[in-house]
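> Let me begin by handing over the structure; questions about it come next.
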Amino acid sequence: MSDPAANAPARTPLGSARRVVVKVGSALLVDATTGRLNRTWLETLVEDVVRLRRAGREVILVSSGAIALGRRHLGLPKGALRLDESQAAAAVGQIRLAHAYKEMLEEREIPVAQVLLTLEDSEQRRRYLNARATLSELLARGAVPVINENDTVATAEIRYGDNDRLAARVAQMVSADCLVLLSDIDGLYTADPNRNPAAEFIPVVHAITAEIEAMGSGSASDVGRGGMVTKIAAAKIAVAAGCHMCISAGAHLHPVRRIEQGARCTWFVPTDTPVAARKQWISGTLKPAGALVIDDGALRALESGKSLLPAGVTRLAGRFDRGDTVSVVTQAGREVARGISAYSDADAARIIGRRTAEIEGILGFRGRDELIHRDDLVLQ
Ligand code: GLU
């Protein structure tokens, strides 16, 4: 069948991007029946990446597939795996995956680097900045980083669990201008098109409204772990970072070239004025360490751009240290902001509801006046 997008060059955000993150889903990389790597397809993806590199673009691959690829070698059954089984499968699959990328990219004279990240690497600011520095160095030296979650060591509570949001955090980390999610579906529909034939395709999303979020719920792929919900969560992180994101059907050969040529996909367009990098990082936190429940007065103060003082906090939850990101929620449980706590949960518990002037007397040291300073706070 001839591909209508095969020749026509199109103006897409990918065409003008300087730094691109491409996320490859497990369902594309690994054949569902045989459990083997789709080598022919992968060669064409690698050719697309090489072409982008030669055109002066920087490319990062976020590749799933370790678990899907490893399970066959350990004789694991089809269907859901226990955590320890999937960690073992990932250990076996990741080495094969990395090997395939290494062979294919180095054959084309592009150095390849494996980077395995855990959730803490994006949630703890120091580690985030460190990972960012490493990735920048790799890109500056012409390498293509191939990233996956470090599944073998990540336990249930501290894992991304899906590479959609991981890829978005990476795109934000490296200030990419374009994030491509290669998926088993060609984009966003008003409902799940597999179940609802009346579902309509949405080519462009300018704002991720509650309505858009509702469209994503309920669909999931069989092989990978992400569904439309995690893709929309990824889009939120990407657009806030000033990065275009597209969801595209990746199963075709040369899946990235097709997008450049205008194949059908859904584009999420970034907001005009990207928020400052530090605030992006705060608002994109995937797992806030705790929560501060605030009163109405504090809510009004936050909405008018003020800091969060201990006096306005009525309760707190979770275990956090000074410097961790926490959610700020109303009495009704609605998350209204996120920010970096200036106090640990233990210290915060002693000063909430109290006036700033009392802090030193209670804690025995003079900390910050604010529980979350406005520079460290982002309204959600
Ligand atoms: N990190 C997982 C793997 O490599 C995939 C997660 C996902 O499917 O998004 O198998």
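> Given the conditions (1) buried (at least 18 other Cβ atoms within 10 Å of the Cβ); (2) touching a residue at least 24 places away in the same chain (Cβ under 8 Å), report the number of the one that PRO111 does not fulfil.
(1)
> Out of (1) without any contact (Cβ under 8 Å) to a residue 24 or more places away in the chain; (2) within 15 Å of the ligand (Cβ to nearest atom); (3) hydrophobic (A, V, I, L, M, F, W, C), the odd one out for ALA156 is which?
(1)
> Further question: Is the range 44-56 home to any residue that is under 20 Å from the mean Cα position of the chain (by Cα) and open to solvent by 10 Å² or more (accessible area, probe 1.4 Å)?
No, the range 44-56 contains no residue that is under 20 Å from the mean Cα position of the chain (by Cα) and open to solvent by 10 Å² or more (accessible area, probe 1.4 Å).
> Sticking with this one: Would you please list the contacts, defined by Cβ atoms under 8 Å and residues six or more apart or on different chains, that run from a residue in the range 34-57 that is farther than 21 Å from ILE95 by Cα to a residue that is open to solvent by less than 40 Å² (accessible area, probe 1.4 Å) and part of a helix (DSSP H, G or I)?
ASP48/PRO255; ASP48/VAL256; VAL50/LEU105; LEU52/VAL256
> How many of the residues making up the range 335-380 are touching a strand residue (DSSP E or B) at 6+ places or on another chain (Cβ under 7 Å) and of a type outside the set (A, V, I, L, M)?
Restricting attention to the range 335-380, the residues satisfying the condition of being touching a strand residue (DSSP E or B) at 6+ places or on another chain (Cβ under 7 Å) are 335-342, 345, 348-349, 352-353, 370-372, 376-380.
After this cut, where a residue has to be of a type outside the set (A, V, I, L, M) as well, the list is 335, 338-339, 341, 345, 353, 370, 376, 380.
Number of matching residues: 9.
> Do you know which of the residues in the range 157-191 that are part of a loop (DSSP other than H, G, I, E, B) and β-branched (Val, Ile, Thr) is surrounded by the fewest Cβ atoms within 10 Å (Cβ to Cβ)?
Restricting to residues being part of a loop (DSSP other than H, G, I, E, B) and β-branched (Val, Ile, Thr), the top hit is THR190.
> When the range 86-103 is examined, which residues are found to be touching a residue at least 60 places away in the same chain (Cβ under 8 Å) and either open to solvent by less than 10 Å² (accessible area, probe 1.4 Å) or not aliphatic (A, V, I, L, M) (or both)?
Answer for the range 86-103, where residues must be touching a residue at least 60 places away in the same chain (Cβ under 8 Å) and either open to solvent by less than 10 Å² (accessible area, probe 1.4 Å) or not aliphatic (A, V, I, L, M) (or both): SER86, GLN87, ALA90, LEU97, ALA100.
> Just checking, does the range 342-351 include any residue being part of a loop (DSSP other than H, G, I, E, B), surrounded by 15 or more Cβ atoms within 10 Å (Cβ to Cβ) and in contact with a Gly (Cβ under 7 Å, 6 or more places away or on another chain)?
Within the range 342-351, one or more residues are part of a loop (DSSP other than H, G, I, E, B), surrounded by 15 or more Cβ atoms within 10 Å (Cβ to Cβ) and in contact with a Gly (Cβ under 7 Å, 6 or more places away or on another chain).
> Do we find a residue being at pLDDT below 90 and part of a loop (DSSP other than H, G, I, E, B) anywhere in the range 200-216?
Checking the range 200-216: not a single residue is at pLDDT below 90 and part of a loop (DSSP other than H, G, I, E, B).
> For the range 117-124, check the following and say yes or no: at least one residue is within 16 Å of TRP281 (Cα to Cα), away from the ligand (no atom under 16 Å from the Cβ) and surrounded by fewer than 16 Cβ atoms within 10 Å (Cβ to Cβ).
no
> Please specify each residue of the range 192-207 satisfying the condition of being open to solvent by 40 Å² or more (accessible area, probe 1.4 Å) and β-branched (Val, Ile, Thr).
Scanning the range 192-207 gives a single hit, VAL204.
> Without any contact (Cβ under 8 Å) to a residue 24 or more places away in the chain and either within 12 Å of the ligand (Cβ to nearest atom) or out of contact with any strand residue (DSSP E or B) (no Cβ under 9 Å at 6 or more places or on another chain) (or both): is that true of LEU76 in this structure?
On the way: without any contact (Cβ under 8 Å) to a residue 24 or more places away in the chain: yes; either within 12 Å of the ligand (Cβ to nearest atom) or out of contact with any strand residue (DSSP E or B) (no Cβ under 9 Å at 6 or more places or on another chain) (or both): yes.
The answer is yes for LEU76.
> Conditions first: (1) surrounded by 18 or more Cβ atoms within 10 Å (Cβ to Cβ); (2) in a helix (DSSP H, G or I). VAL293 passes all but one, so which condition is the exception?
Checking VAL293 against (1) surrounded by 18 or more Cβ atoms within 10 Å (Cβ to Cβ); (2) in a helix (DSSP H, G or I), the one that fails is (2).
> Right, another one. Under the condition of being open to solvent by 40 Å² or more (accessible area, probe 1.4 Å) and of a type outside the set (A, V, I, L, M, F, W, C), which residue from the range 16-37 is nearest to the chain's Cα centre (by Cα)?
ARG18
> Would you say LEU83 is in contact (Cβ under 8 Å) with a residue 24 or more places away in the chain, within 13 Å of the ligand (Cβ to nearest atom) and either over 24 Å from the mean Cα position of the chain (by Cα) or open to solvent by 20 Å² or more (accessible area, probe 1.4 Å) (or both)?
yes
> In addition: Give the residues of the range 57-73 that are within 16 Å of the ligand (Cβ to nearest atom), over 15 Å from ALA27 (Cβ atoms) and under 19 Å from the mean Cα position of the chain (by Cα), sorted by residue number.
Across the range 57-73, the qualifying residues are ILE60, LEU61.
The values are calculated or read from the model by the stated rules, or taken from the named source; none is laboratory data. Keep in mind that this is a model prediction, so the values were computed, not measured. We place every Cβ from the backbone using ideal geometry, glycine too, and count neighbours over all the protein chains shown. The accessibility values were calculated without ligands, DNA or RNA, using every heavy atom of the protein model including side chains. Shrake-Rupley method; radii C 1.70, N 1.55, O 1.52, S 1.80 Å.
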